[in-house]
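Visitor: Here it is, the structure, as structure tokens.
The values are calculated or read from the model by the stated rules, or taken from the named source; none is laboratory data. Everything numeric here is computed off the predicted structure, so don't read it as measured data. Using ideal geometry, Cβ is built from the backbone for each residue, glycine included, and neighbour counts are taken over all protein chains shown.
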Amino acid sequence: MQNRNRRTGLRRTLQIAEVTEGGDASVLMQFDIQHDSLAKVNEPRRIYETLGLYTGMSASDIARDLDEKVRILKWFVKNNISDVHQIGVFVAKNYAGKFKV
């Protein structure tokens, strides 16, 4: 769920949730107004099940893969890389094993 403050023009994500098999919403992250950031409320379950189904990866494999992706994104930020074409080249080389972050 997102909200845009019409006075300031700032857009903030207030909640991130997943839909359970029963159709209920399970809140995963909630906006913390004091720190102006999202705070983790619950661990995702449904997304891990779906990813595991289609990739054959275990929950720990998925977590490790996500950590690697976070590390790469932080490297992009640190090195001021924001051009989509540059990012595509680095990602392709990384997956091919020709480049390590």
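Visitor: Restricted to the range 78-101, and to residues that are of a type in the set (A, V, I, L, M) and either in contact with a helix residue (DSSP H, G or I) (Cβ under 9 Å, 6 or more places away or on another chain) or surrounded by 10 or more Cβ atoms within 10 Å (Cβ to Cβ) (or both), which residue is modelled with the lowest pLDDT?
Guide: Looking at the filtered set, the residue picked out is V101.
Visitor: Could I ask something else about it? Could you please give the count of residues in the range 21-35 that are of a type in the set (V, I, T) and either exposed (fewer than 12 other Cβ atoms within 10 Å of the Cβ) or at pLDDT below 90 (or both)? Write out each step before concluding.
Guide: If we filter the range 21-35 for residues that are of a type in the set (V, I, T), which is where we start, we get 27, 33.
Among the residues that remain, those that are also either exposed (fewer than 12 other Cβ atoms within 10 Å of the Cβ) or at pLDDT below 90 (or both) are: 33.
Count: 1.
Visitor: From the list L38, L51, L73, exactly one residue is surrounded by 11 or more Cβ atoms within 10 Å (Cβ to Cβ), in contact with a strand residue (DSSP E or B) (Cβ under 8 Å, 6 or more places away or on another chain), at pLDDT 90 or above and not charged (D, E, K, R). Which is it?
Guide: After applying the criteria, what remains is L38.
Visitor: Hey, another quick one. So for the range 6-27 (the condition being part of a helix (DSSP H, G or I) and free of Cβ contacts under 8 Å to residues at least 24 places away in the same chain), does at least one residue qualify?
Guide: Of the residues in the range 6-27, the ones part of a helix (DSSP H, G or I) are none.
No, that holds for no residue.
Visitor: Then there is this: Need at least 1 residues that are within 24 Å of A17 (Cβ to Cβ) per element, so show me which helices (runs of 4 or more DSSP H) inside the range 37-101 make the cut, counting only ones lying wholly within it.
Guide: 46-55, 59-78
Visitor: Only residues in the range 79-93 that are closer than 22 Å to D65 by Cβ and in the same structural domain as K69 (by TED's automatic domain parsing) count as the first member; pair them with residues that are at pLDDT below 90 and not acidic (D, E), Cβ under 6 angstrom, at least 6 apart or cross-chain, and list the lot.
Guide: K93/F99
Visitor: Would you say V41 is in contact with a helix residue (DSSP H, G or I) (Cβ under 8 Å, 6 or more places away or on another chain) and of a type in the set (A, V, I, L, M, F, W, C)?
Guide: No: the conditions fail for V41.
Visitor: Just the residues that are out of contact with any Leu (no Cβ under 8 Å at 6 or more places or on another chain) and surrounded by 10 or more Cβ atoms within 10 Å (Cβ to Cβ), please, taken from the range 54-66. Spell out the reasoning first.
Guide: Applying the first criterion (out of contact with any Leu (no Cβ under 8 Å at 6 or more places or on another chain)) to the range 54-66 yields 54-56, 58-61, 63-66.
Passing the criteria: T55, S58, A59, D61, A63, R64, D65, L66.
Visitor: Given the options E18, E43, name the one that is surrounded by 13 or more Cβ atoms within 10 Å (Cβ to Cβ) and either under 15 Å from the mean Cα position of the chain (by Cα) or hydroxyl-bearing (S, T, Y) (or both).
Guide: E18
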